[in-house]
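Enquirer: Before we start, here is the structure in question, set down as structure tokens.
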Amino acid sequence: MTTKIVETQDLHKIYDKNSAKPYEALKGISLSVEQGEFVGIMGASGSGKTTLLNILATLDQPTSGSVEIDGQDVTHLTFNQMADFRSKKLGFIFQDFNLLETLTARENIGLPLSLQNAKAASIQTAVTSAAEKLGIADLLDKYPTQLSGGQKQRVAAARALVFNPSIIFGDEPTGALDSTNARELLDTLTHINQQGVSILLVTHDPFSASFCKRILFIKDGKIGDEIDAGDKSRNDFYQEILEKLGTFEQ
Amino acid sequence: MLFKISLSGIKARWKDYLVLFSGMIITTAIFYMFEAISTNDKFTTGSPVGQSAKFVFIFGSILLAIITLVYVFYANNFLMSMRKHDYGLFMMLGAKSGVISKLIILETIAIGFISTIAGIVVGIGFTKVLSSFLASQIHMSLTDFSAFYMPAVWMTIIMFLVLFMIAGFLNARTFVKTSALQLLRSGQQSDWKQPKAIRLWIQAVLGVLLLAGGYYAMYDIRKLKLMAVGIGLVTIVLGTYFVFNSFFVMLLQGLQYSKMNAKGLNSFTLAQLKFRIRDYTKILSVVSLLFALALGAITVGTGFQSMVPKLAQGNGYYSVALTNPSSKLKSLVGDIKDKSTVTYQQKVDPKAKRVYYNADQLQAQPLKYSKFTDRAALKSRVSTATVSDLKKTDSNAYQELWSLQSPITKSFQIKIVHANTFNRINVKANKLLLVRANNVDASAPTLTKITNIQAKQYGSSGTQLMAGSFVTYQLLKGIFGSLEFMGIFLGIAFLAMLASCLMFKILSGAASDKIRFDMLNKIGTRRSTLKHSIILQIFGLFTIPGILGIIDVVFGLQMFSRGGLLVGGAYQTFGVTTAGFLILYLLYFMVTVMIYSRIVVPKTKVEK
Ligand SMILES: Nc1ncnc2c1ncn2[C@@H]1O[C@H](COP(=O)(O)OP(=O)(O)OP(=O)(O)O)[C@@H](O)[C@H]1O
Ligand SMILES: [Mg+2]
């Protein structure tokens, strides 16, 4: 039996609820992500992808409905509890500005552990092992400005990985990269996923999505469709996504 | 059209504009106040030093104008950091650079105009309050002094409008020269480069050596004379700059290598500080130097002031001398608490130009006189005059008695004669009442009344010849009073402006820091941890120049006290002024933390 890492029930999100023009961005989303899955969320611009991800990542709260992550209901946490939850359970890779330019790669990667008040020595071992997994062990003492875009994203991935999170969230992590670097990061994510870490990726790029194992399509704040990679090759899956987008976005 | 969009951009950030405006208004008000008081003839001629005080005030004006310039520059930077994004967007949309330039100049001048007018109004109010307060503090009479003074209004308007016009054109130029993309993305990325270790070392050692050299020069002013000022000025300015550019960076780097760095947000806080200090080198150096200047000005100003009673009483033991006092004068003397009095008989022979005193009386109740034993330390000794002392015209005792003569008998010869001889002189004996107030400061109001009545009695030409040390007290109070006023005024104005410069510099960086704080929030940093880090960062940026400034003052005062300029302990008032200064500085620190946090700490998204 597999365990569920993320499970939501009937999520609604209404922006500007008390204003003259409230806007319902999510209209009842129920989904689940199993341990070790690599799930993609796709949809047109404005369909509610970032809204959903922010709620799953405890950066925002839903208007109604529930979110459980790693068996814990996160919808009723206080602001501090949400912060602590993120620092212990959730890894992040965003599109841009992932790293602090004033810190070395080593310090950037170790930051989440520092926030949990881990011992300096144990931080060092964790950072080194995460960096080795991602092949950036020799870059640890460089500053972000001395790294390429792809290397920066790998440092960000190492930071997301360093404390063994329950799940890693990515919002268009390849958005700011050229195709070579994007490819490299996606390979890295696949590699991480193969080691058993669950990943949830928001993207509107079919190429990025083709690396996922399952894709949820959002339209107007609702889940409209879902496809599974199964045993298909990545290329076949890519074609399928393109077709799906064709029919889906009409 | 663009004008409308521009206005809506301002509306959206009205709170930040409020900060900008209040800062500008206070600055203008301070400038107006200083101009109104210093250029107003009624004030300067009313004080005993007259024209020379005016010169000091003009010098102060120039210093104030310089710091105002620096201030407007930083406030303006803050303004532009808020507007970059909007203007970048306009350019992206194809707005011509000429149109943008016009908008920027218009906006800058409009802000300048509004704040100048408001500042003058506030300044008039300030002037009223401060001038009457200071007049009462330093016993300066400000009869028919009006807070509204047209020439000062014009000075202020011209000064600030010119400044804002320059600022507007400078802004427009930088904008037109930067690409739209850069403007849009500015503040999102910084070009942080790790400085080279060798250069850091050289600068750090050089900086510390220069500072030490400068401090030594000021300490050794007796040998170096005026050279000390020159050496001190150059070495301390350079030393401060290098110390900020390297020494503190290395200090922070040292901390980064310690175990502490891995705790919580420490690595981030230290790195931010290290980064900032290099980025802020210029402003931090200026802040610490101006901090020293301002604190020094106040300390020296109030230090002079506190010297006055000792200086006056060292010159003469008795405060006032009254010849045949009226009952009114007697009752005024009765009002003085903590005093000693003595009455002598005196006979005047106007033809021979002689004043006679009874030797027996002078022996029975001897005259006291004071004499400086160490003028530099303001130490004086009180002695009792013997009759034989009083007979020698070059003795201190004789000088004291001479100084106590009324204007009428001042030029007469003093004769001490036997009781028999004294009684045989065939004129009516005068009574000479000598009053010594032990606490001159406390009895000053009563003593002033007494001298005023005496001045009327002898005619105003006699004022300078009035008997007793209180006249000296009044004279010194007048001179040092305007020095003190200058010191306090410039000190507070400097501190207020330099602290706001630092504030605006920090706040200008808030927009780019917001991204960092957003990221930290995403990876799960508690808000309290973020705030803690903010407080530490801003505390560091405020404290380091403050400490350096205080050290500067400690050594700078050496120059005054050892150089003999500030007789008797320049450090007397140092503690009090520093404390007052720090409170004001602390206030600025707290305001900066508040505004900065409001900008960078991610808002709670929790809906309740
Ligand atoms: N803070 C907010 N206040 C009000 N409305 C919002 C807010 N954030 C998002 N919305 C609205 O909610 C809808 C969904 O936005 P969301 O950012 O989730 O879209 P998205 O799928 O991530 O789009 P994109 O692919 O362009 O990033 C949009 O119509 C948007 O206008
Ligand atoms: Mg989005």
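The values are calculated or read from the model by the stated rules, or taken from the named source; none is laboratory data. Because the structure is predicted, anything quoted here is derived from the model rather than measured. Note: ideal-geometry Cβ built from the backbone for every residue, glycine included; neighbour counts use all protein chains shown. Calculation scope for accessible area: heavy atoms of the full protein, side chains included, ligands and nucleic acids excluded. Shrake-Rupley method; radii C 1.70, N 1.55, O 1.52, S 1.80 Å.
Enquirer: Give me the Kirkwood hydrodynamic radius of the stretch B:248-385, using the inverse of the mean 1/r over all pairs of distinct Cα atoms, in Å to one decimal.
Expert: Mean inverse Cα-Cα distance, inverted, gives 22.0 Å.
Enquirer: To the nearest 500 deg cm²/dmol, what mean residue ellipticity at 222 nm is calculated for chain B from DSSP H runs of n ≥ 4 alone, each contributing -39,500 (n - 2.57), summed and divided by the residues?
Expert: Taken over chain B, the calculation gives -24000 deg cm²/dmol.
Enquirer: Could you pull the accessible area for B:Tyr318 with a 1.4 Å probe, rounded to 10 Å²?
Expert: 10 Å²
Enquirer: What nm distance separates the two modelled labels at A:Lys142 and B:Phe113, each placed 7 Å from Cα along Cα→Cβ?
Expert: Label-label distance for A:Lys142 and B:Phe113, simple model: 5.4 nm.
Enquirer: Considering only protein heavy atoms, what is the solvent-accessible area of A:Glu243 at a probe of 1.4 Å, reported in Å² to the nearest 10?
Expert: 130 Å²
Enquirer: For a Förster distance of 25 Å, can you work out the FRET efficiency between the beta-carbons of B:Lys328 and B:Ala364, rounded to the nearest 0.05?
Expert: 0.30
Enquirer: Let me ask something else. My understanding is that a pair violates if its Cα-Cα distance is over 21 Å; which of B:Lys337/B:Lys449; B:Lys263/B:Lys522; B:Lys339/B:Lys431; A:Lys88/A:Lys142; A:Lys13/B:Lys15; A:Lys13/A:Lys222 do that in this structure? If you can, show how the numbers build up before the last one.
Expert: Details: B:Lys337/B:Lys449 15 Å; B:Lys263/B:Lys522 18 Å; B:Lys339/B:Lys431 19 Å; A:Lys88/A:Lys142 26 Å; A:Lys13/B:Lys15 29 Å; A:Lys13/A:Lys222 11 Å.
Violating the 21 Å limit, Cα to Cα: A:Lys88/A:Lys142; A:Lys13/B:Lys15.
Enquirer: A further question follows. Could you check the spin-label model distance between B:Ile62 and B:Lys102? Points 7 Å from the Cα along Cα→Cβ, value in nm.
Expert: Once both label points are built, they end up 4.1 nm from each other.
Enquirer: Count the DSSP beta bridges whose two residues both fall in chain A, then state the antiparallel fraction as a percent rounded to the nearest 5.
Expert: Antiparallel bridges make up about 55 percent of those DSSP assigns within chain A.
Enquirer: A further question on this structure: Averaged across the residues of A:52-58, what count of C-beta atoms belonging to other chains lies within 10 Å of each residue's C-beta?
Expert: 1
Enquirer: If you take the charge dipole of the protein assembly as shown about its Cα centre, with +1 on Lys and Arg Cβ and -1 on Asp and Glu Cβ, which of B:Gly123, B:Tyr585, B:Pro325 is farthest toward its positive end?
Expert: Farthest towards the positive pole: B:Pro325.
Enquirer: Grab the Cα-Cα distance for B:Lys449 and B:Leu89, subtract it from 0.36 nm times how many residues apart they are, and report the gain in nm with one decimal.
Expert: Full extension of this stretch gives 122.5 nm more.
Enquirer: Using +1 at the C-beta of Lys and Arg and -1 at the C-beta of Asp and Glu, which of B:Leu69, A:Phe163, A:Phe237 has the Cα lying farthest in the positive direction of the dipole of the protein assembly as shown?
Expert: B:Leu69
Enquirer: Under a plain spin-label model, where a point goes 7 Å from the Cα along Cα-to-Cβ, how far apart in nm are A:Ser45 and B:Lys410?
Expert: Modelled inter-label distance: 9.1 nm.
Enquirer: Turning to a different aspect of this structure: Over 43 Å, how big is the tail of the calculated P(r) for chain B, in percent of all Cα pairs?
Expert: 39 percent
Enquirer: Across all directions of projection, what mean area in square nanometres is found for the Cα convex hull of the protein assembly as shown? Show your work: numbers first, answer last.
Expert: Values: hull surface 187.5 nm².
The directionally averaged projection comes out at 46.9 nm².
Enquirer: DSSP beta bridges in the protein assembly as shown, what fraction antiparallel, as a percent rounded to 5?
Expert: Looking only at bridges with both residues in the protein assembly as shown, the antiparallel portion is about 65 percent.
Enquirer: Between B:Lys603 and B:Ser146, what length in nm is gained on full extension when 0.36 nm per residue of separation is reduced by their alpha carbon distance?
Expert: So the extension gain works out to 159.6 nm.
Enquirer: Measure nothing fancy, just the Cα-based angle from helix B:51-92's long axis to the longest principal axis of chain B, in degrees from 0 to 90, nearest 10.
Expert: 10 degrees
Enquirer: Still on this structure, I have one more. Considering the zone a paramagnetic label at A:Arg183 would reach in this model (a point 7 Å from Cα along the Cα-to-Cβ line), which residues of the stretch A:154-177 have amide N under 20 Å from it?
Expert: A:154-155, A:173-177
Enquirer: Tell me which trypsin sites (Lys or Arg not before Pro) from the stretch B:334-420 have a DSSP coil assignment and no more than 13 other beta carbons within 10 Å of their own.
Expert: Counting only loop positions with at most 13 other Cβ atoms within 10 Å, the trypsin sites (Lys or Arg not before Pro) in the stretch B:334-420 are B:Lys337, B:Lys351, B:Lys353, B:Arg375, B:Lys392.
Enquirer: Please give the charge dipole size of chain B, origin at the Cα centre, charges +1 on K and R Cβ atoms and -1 on D and E Cβ atoms. Round to the nearest 20 debye.
Expert: Using Cβ point charges on Lys, Arg, Asp and Glu, chain B gives about 580 debye.
Enquirer: Charges only on Cβ, +1 for Lys and Arg, -1 for Asp and Glu: so what's the dipole of the stretch B:317-467 about the Cα centre, in debye to the nearest 20?
Expert: Using Cβ point charges on Lys, Arg, Asp and Glu, the stretch B:317-467 gives about 340 debye.
Enquirer: Once you average over the residues of A:103-110, how many Cβ atoms of partner chains fall within 10 Å of each Cβ?
Expert: 4
Enquirer: Would you please give the FRET efficiency between B:Arg424 and B:Ser340, computed as 1/(1 + (r/R0)^6) with r the Cβ-Cβ distance and R0 = 45 Å, to the nearest 0.05?
Expert: Step by step, r from the Cβ atoms, then E = 0.90.
Enquirer: In the full protein assembly as shown, how much of A:Thr247 is accessible to a 1.4 Å probe, in Å² to the nearest 10?
Expert: 90 Å²
Enquirer: Can you return the lysines within cross-link range of B:Lys177? Criterion is Cα-Cα under 20 Å, with same-chain partners fewer than 8 residues away left out.
Expert: Filter leaves B:Lys84, B:Lys96, B:Lys102.
Enquirer: Ok, one more. Set the Förster distance to 56 Å, then compute FRET efficiency between B:Thr384 and B:Val121 from the Cβ-Cβ distance, nearest 0.05.
Expert: Efficiency computed from Cβ-Cβ geometry: 0.35.
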